[in-house]
1. Return yes when B:K175 is buried (at least 23 other Cβ atoms within 10 Å of the Cβ) and of a type in the set (K, R) and no when it is not.
2. Of everything in segment A:206-219 that's of a type outside the set (D, E) and at pLDDT 95 or above, which residue is surrounded by the fewest Cβ atoms within 10 Å (Cβ to Cβ)?
3. With B:D142, B:D129, B:D169, B:D136 as the choices, which residue is assigned by TED's automatic domain parsing to the domain that holds B:P224, acidic (D, E) and buried (at least 18 other Cβ atoms within 10 Å of the Cβ)?
4. How many residues are touching a residue at least 12 places away in the same chain (Cβ under 8 Å) and surrounded by fewer than 19 Cβ atoms within 10 Å (Cβ to Cβ) when one looks only at segment B:336-373?
5. Scan segment A:239-258 and give yes if some residue there is more than 19 Å from B:Y315 (Cβ to Cβ), touching a residue at least 24 places away in the same chain (Cβ under 8 Å) and not hydroxyl-bearing (S, T, Y), otherwise no.
6. Which residue pairs have Cβ atoms under 6 Å apart, sit 6 or more places apart or on different chains, and have a first residue in segment B:16-30 that is among the polar types (S, T, N, Q) and a second that is surrounded by fewer than 23 Cβ atoms within 10 Å (Cβ to Cβ) and part of a loop (DSSP other than H, G, I, E, B)?
7. In segment B:104-130, how many residues are in contact with a Leu (Cβ under 8 Å, 6 or more places away or on another chain) and free of Cβ contacts under 8 Å to residues at least 40 places away in the same chain?
Amino acid sequence: MKVIVCVKQVPDTSGKVAVNPDGTLNRASMETITNPDDMNAVEAALKLKDETGCKVIVVTMGPPPAEGMLRELLAMGADEGYLISGREFGGSDTYATSQIVAAGVNKIGVEKGDIVMCGRQAIDGDTAQVGPQIAEKLHLPQVTYAADIHKDGDDITVKRMLEDGYMTIKVKTPCLLTCIKELNQPRYMSVGGIFEAYSKPVTVLDYEALKDDPLIDPTTIGLKGSPTNILVSFTPPQKGAGMMLEGADMGTCEKLAGMLAAKHII
Amino acid sequence: MAFNNTDLAAFKDVWVFCEQREGKLMPTDFELISEGRRLADELGVDLCGLLLGDNVEGIAKELGGYGADKVYVCDHSLLKVYTTDAYAKVICDVIEELKPEAFLIGATNIGRDLGPRCAARLHTGLCADCTHLDVDMGIYKDFLHEASTLEDARIDGLNTAMVLGEKHDVSRDLKMTRPAFGGHLMASIICPRFRPTMATVRPGVMKKRPFDQAKADACQIIKPKFELSESDLNTQVTEVVKAAKKLVDLIGADFIVSVGRGISKDVEGGIKLAEELAAELGGVVGGSRAVIDSGWLSADHQVGQTGKTVHPKVYVALGISGAIQHKAGMQDSECIIAVNKNDSAPIFEIADYGICGDLFKVTPMLTEAIRAAKAAK
C-alpha cells in the first residue's frame, strides 16, 4: 500500500500580493510555500504511514525549483518525490494539468489499496478542479472535502464536509481524496528528517518520460491542450482609502454613528 | 451518432444544474436560474433546469417561476443522496444526448465536486467559482469599464481572442469572470473550442428575480431517458448529518462584526464585545482565519479566501490587520469600518471609516453611540 500526494508550490497570500502594472502577478517578489490544503494531505498520508507503515510519495508539477518544496516534504517524512517538469506542460489549464499529473501518477503506478491525495484547492487559482479531474482521468472514485479519514482493510471511510453538515462515505481503494484544513495539523520537519531528506530519491518526469502515456498528447496538454483560454485578466479598481477618524474616544464613535445614521446605513 | 463536442453548431440552450438536498431546492438554484435567463435571452435560446433526485418532479415547476422554460427531471432511487459517480454519469449521459451550449452549476461543496468530474469526462472547459457571466459584448464591456482598470481602448478591442494561433470571434462565447489571488486579480475565461461551456458560480452573487407564477405554470417538465445501476457506484454514503448547532449565516447577513488576532489578550471578552455590537446592528459575528485556526470561533464564522465571501451593508473589522486572504472575503462590503491599534494595518487601505485605537475600549463606545444614534432617529 502507498499514498501518492499531489502538491503544488504557490505564492504566499498571507502577506501582500504584488501585482505588476500590466495586471499580471509579480511572482518574483512573493515568497513561495507549499499550498496549505496540500500540507493537510501530506499530513494525512504521513499519519497513515505512522499507522500502517505504508509508503508516502509526493508529486508536484512545476518548474525545477519546486524540488526544494519536495525536499521539505521528504524532511517531514515522505519517502520519495516526483517532479513533473517540462516546457511542453506550460500554459496548462486545470483540464490539461490533470491529464499530465494523472500520467505522472500512472508512471508511479496505482494499485489496489493505494490512495491518491490532493489538497482541496490551491490558494493561487482557488479552482478546486484538479483533484476531481485527476480522479476522472485515472478512473478512480473520488471523495472531496475530506475532514476525517479512516482506513479499514481495503475500504476507506471519509467524513466529507458539506456547508450545513457532513456525509460519511465509504469508498474502496484505490481512490482519490481531497483534503481540507479541518483534517489535521501538519507536522514540522524534524532535524533527522532534514538530514535524511537529501538522500531520499527525487525523480524528474519530463515530457520524454511521460510521452508514451495515452493521456499525454499535444492536443490535451499545455496551452494547446487547454479547453479554456484567458480572454483578458485585469485588476479591479482600488477602493479609495476611506476616512481615518481622529481620536478613539466617545466623541469619535458618536461622530461615526452620526455619519452612518445620516447616510441611512444604520 | 458519436458525441462530438467540437461541433459547436450542434449545441444550444443554457442549462442550470439545480441542486437539491433532502428533496429541497437550494437557494443557489434560483440565483442561477435567474442569471441563466439573462444569458439564454442574450443567446436567443431556451433556459433549462436539470434536476436529479428521487421523486423530485413536484419541486421542478418552481424553477419556472424564476425563468426556466423547461426542467429536465431525472428521478431514481440512487439519485436521492448526492454521489459523484451517479450524478456525473447521469449528467454526462444526458448532456451527450441533448447537447446544451452552456452548463452552469452552483459552486457549493457538491457543485465543486461534480463540475470538474463532468468537465473532465466531457473533455470541455470549466471555469471555477465565477462571479460574473456575460454573452452580450455591449453588456460585458460596460461591466469591464466599471469593474476593471483596463484602458478603454483595450476593452473596446476585446472582440476577438487568439486561439491556437488564429483570431477567434468571442461574441457568442460565454465570458466567465472570476477572481484569483483573493480578488487582487480578475480574469475573464472563455471556452472557445468545446461545448458545453461549463461554469461553477459562487453562491450569493447572482441576483434572484421576482417569482412569476404564470411562468412557473408554463414551465415544461421533461423526463429524459438515462440508465443507472448499483454497479455504477464506487462509493456508499452511510449517513448524512446536519450540523447540530445552527450555523451562522454570514452570506445572508446585512451586518457583520468580525474579530481578528487583536482579541488575543482577552478572547472571550473580545468576542462578547463583538456580539454586543452585532446585536445592536442586527447582525452576526465573523472571524479571521487566525481566530478560527486558534479555535476561538468555529469554522462557520470564517470570513476570507478559505472561508466565506461576504458583502454585507456594513462590515466591522475589530483587530483584524487585513491580510490579503481576509480582504478577499470582505472587500466588496458596502461599508467597511475598521478598528485597529496599528495605524499602518492594511485593513485601513480598504476601510471607509477607520479608527486607530484599542478595540476593547472603542467597541463598547461604538455600540453605545450607534444605540444612541438609532434612538435619536
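The values are calculated or read from the model by the stated rules, or taken from the named source; none is laboratory data. Since we're looking at a predicted model, the values are computed, not measured. Reconstructed Cβ throughout: ideal geometry from the backbone, glycine too, with neighbour counts over all protein chains shown.
1. On the way: buried (at least 23 other Cβ atoms within 10 Å of the Cβ): yes; of a type in the set (K, R): yes.
Yes, satisfied.
2. Just the residues of segment A:206-219 that are of a type outside the set (D, E), to begin with: A:207, A:209-211, A:214-216, A:218-219.
After this cut, where a residue has to be at pLDDT 95 or above as well, the list is A:207, A:209-211, A:214-216.
On the way: A:Y207: 16, A:A209: 18, A:L210: 22, A:K211: 14, A:P214: 9, A:L215: 18, A:I216: 21.
Step by step, filter segment A:206-219, then rank; the result is A:P214.
3. Working: B:D142 fails: buried (at least 18 other Cβ atoms within 10 Å of the Cβ); B:D169 fails: buried (at least 18 other Cβ atoms within 10 Å of the Cβ); B:D136 fails: buried (at least 18 other Cβ atoms within 10 Å of the Cβ).
None of the other options fit; the residue is B:D129.
4. Going through segment B:336-373, the residues touching a residue at least 12 places away in the same chain (Cβ under 8 Å) turn out to be B:336-343, B:345-360, B:362-364, B:366-367, B:370-371.
After this cut, where a residue has to be surrounded by fewer than 19 Cβ atoms within 10 Å (Cβ to Cβ) as well, the list is B:341-343, B:349, B:358, B:360, B:364, B:371.
The number of residues fulfilling the criteria is 8.
5. no
6. Close Cβ pairs satisfying both conditions: B:Q20/B:V56; B:T28/B:P203.
7. 2
Rundown of residues vs (1) closer than 28 Å to B:K242 by Cβ; (2) out of contact with any Leu (no Cβ under 8 Å at 6 or more places or on another chain); (3) aliphatic (A, V, I, L, M); (4) surrounded by 18 or more Cβ atoms within 10 Å (Cβ to Cβ), yes/no style:
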residue: B:T6; (1), (2), (3), (4): no, yes, no, no
residue: B:P27; (1), (2), (3), (4): yes, yes, no, no
residue: B:L32; (1), (2), (3), (4): yes, no, yes, yes
residue: B:L51; (1), (2), (3), (4): yes, no, yes, yes
residue: B:H76; (1), (2), (3), (4): yes, no, no, no
residue: B:V90; (1), (2), (3), (4): yes, no, yes, yes
residue: B:I95; (1), (2), (3), (4): no, no, yes, yes
residue: B:A102; (1), (2), (3), (4): no, no, yes, yes
